[in-house]
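Let me begin by presenting the structure, written as structure tokens, before commenting on it.
The values are calculated or read from the model by the stated rules, or taken from the named source; none is laboratory data. This is a predicted model, so every value here is computed, not measured. So basically every Cβ, Gly included, is an ideal-geometry build from the backbone, and we count neighbours across all protein chains shown.
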Amino acid sequence: MIKAFSQILGRNMGLARFTRAARAMSRVTSRMTLLTGAVVVTGLVAAGCASYPPAPTLAADADYNYLIGGGDVVNVVVWRNPELSLSVTVRPDGRISVPLVEDLVAQGKDATTLARDIEKELMKFIREPVVTVIVDRFVGPYAEQIRVVGEASKPQALPYKQKMTLLDVMIEVGGVTEFADGNGASILRTSEGNKQYSVRINDLIKKGDVSANVEVRPGDVVIIPQSWF
């Protein structure tokens, strides 16, 4: 069709007028293409942002107990038996070894449960042992860590803390990169069958909008996409 139009213009217009008309047509076509592309991209971004419901403000479980994970440092104190007391790091296989007790599973237990398990093992050797376990360095089970991926300044996995919020998480990872679409971010909640919620990180950390701050839950994954523009 463009070729036929060119032939008609060539027969009825001078060469100079034909050239000017062709250039004008090219500019109009380019502008229409850019406008169409911008509309499509804007629609995709808007659809992506609107595809998840907003994250609930409150999410923490009031009955949450910290569970020991690989890499945690625990202090084992045996009352009246200082020779049996020590500080030990939980091995990658989730076990610890203390005097008189070898390869005891620690991962996935709270401190009180681990103390009672150590007492049961020590009862084979000493009378009525009283054990206290104090977690000294926190890593936590992998399943409960908060993971931040995408356009964070320092993507990483963080140990979960009770009442931890999105703002706490962003402080730990150093905010977002200049290419981040913070208001297009989302939280993937593994504790709810990988349900996703939208969050407004830009509004929170750049505009100080505290209404955008939400609590996180153990196992959450914060996904920060790259901006289209």
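Descriptive notes on the structure:
- Boolean, Thr113 is touching a residue at least 12 places away in the same chain (Cβ under 8 Å), out of contact with any Ser or Thr (no Cβ under 7 Å at 6 or more places or on another chain) and not in a loop (DSSP other than H, G, I, E, B): no
- From the options Ala152, Ala157, residue that is within 11 Å of the chain's Cα centre (by Cα), closer than 22 Å to Asn65 by Cβ, among the hydrophobic types (A, V, I, L, M, F, W, C) and not assigned by TED's automatic domain parsing to the domain that holds Gln107: Ala157
- Here region 145-168 is the region considered, the condition is being surrounded by fewer than 19 Cβ atoms within 10 Å (Cβ to Cβ) and out of contact with any strand residue (DSSP E or B) (no Cβ under 7 Å at 6 or more places or on another chain), and the residue that is nearest to Ala180 (Cα to Cα) is Lys154.
- Scanning region 132-144 for residues that are of a type in the set (Gly, Ala, Ser), more than 12 Å from the chain's Cα centre (by Cα), assigned to a loop (DSSP other than H, G, I, E, B) and buried (at least 19 other Cβ atoms within 10 Å of the Cβ) turns up at least one hit.
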